[in-house]
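Data block below; observations after.
Here, each number is a calculation from the coordinates, and none is a lab measurement. Model, not experiment: these values are computed from the prediction. When we count neighbours, we look across all protein chains shown, and the Cβ atoms used for this are built from the backbone with ideal geometry, even at glycine.
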Amino acid sequence: MDGISWSDLNGDERSAIAMLAAGASAELCDPVALLTLTRIGLIKGLQLTPVAHQMYAVLTKESAAA
């Protein structure tokens with residue numbers, strides 16, 4: 001999981017993180033993206049891990065500042 005950045009993720013994986021961060025059900029996310037994110041440690045029990053939350057928070061702060 002170390003060394004994974006937002007740019008390493010594909011669109012479905014990014015979308016899944018954004019949707020879960022917003023409180024959406026995992027059922028709305030791409031199942032392959034969820035499996036990949038679980039495998040790399042960004043999701044546990046269909047919820048974002050603290051690392052995934054931090055990654056998304058940094059991204060949203062950078063977007064807001066731009």
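Compute the angle between helix 11-21 and the longest alpha-carbon principal axis of the chain, please, reported from 0 to 90 degrees and rounded to the nearest 10.
The answer is roughly 90 degrees.
What list do you get for MET55, MET19 if you sort them by fewest beta carbons within 10 Å?
Details: MET55 19, MET19 16.
Ordered by Cβ neighbours within 10 Å, fewest first: MET19, MET55.
What number, in percent, do you get for the relative contact order of region 1-63 if the mean sequence gap of Cα pairs under 8 Å and at least 6 apart is divided by its residue count? Don't skip to the answer; put the middle values down first.
On the way: 47 pairs, mean separation 20.5, N = 63.
Worked out over region 1-63, it gives 33 percent.
If you take the square roots of the eigenvalues of the alpha-carbon gyration tensor of region 6-65 and sort them as a ≥ b ≥ c, do you get rounded (a/c under 1.5), prolate (a/b over b/c) or oblate?
prolate
Measure nothing but the geometry: give the 0 to 90° angle between the long axis through the Cα atoms of 50-65 and the longest principal axis through the Cα atoms of the chain, rounded to 10°.
Compared with the principal axis, the helix lies near 40 degrees.
Karplus couplings for region 22-30 from phi (6.51 cos²θ - 1.76 cosθ + 1.60, θ = phi - 60°), rounded to Hz, Gly and Pro as x?
Once rounded to whole Hz, the list reads 7, x, 6, 5, 4, 5, 7, 8, 5.
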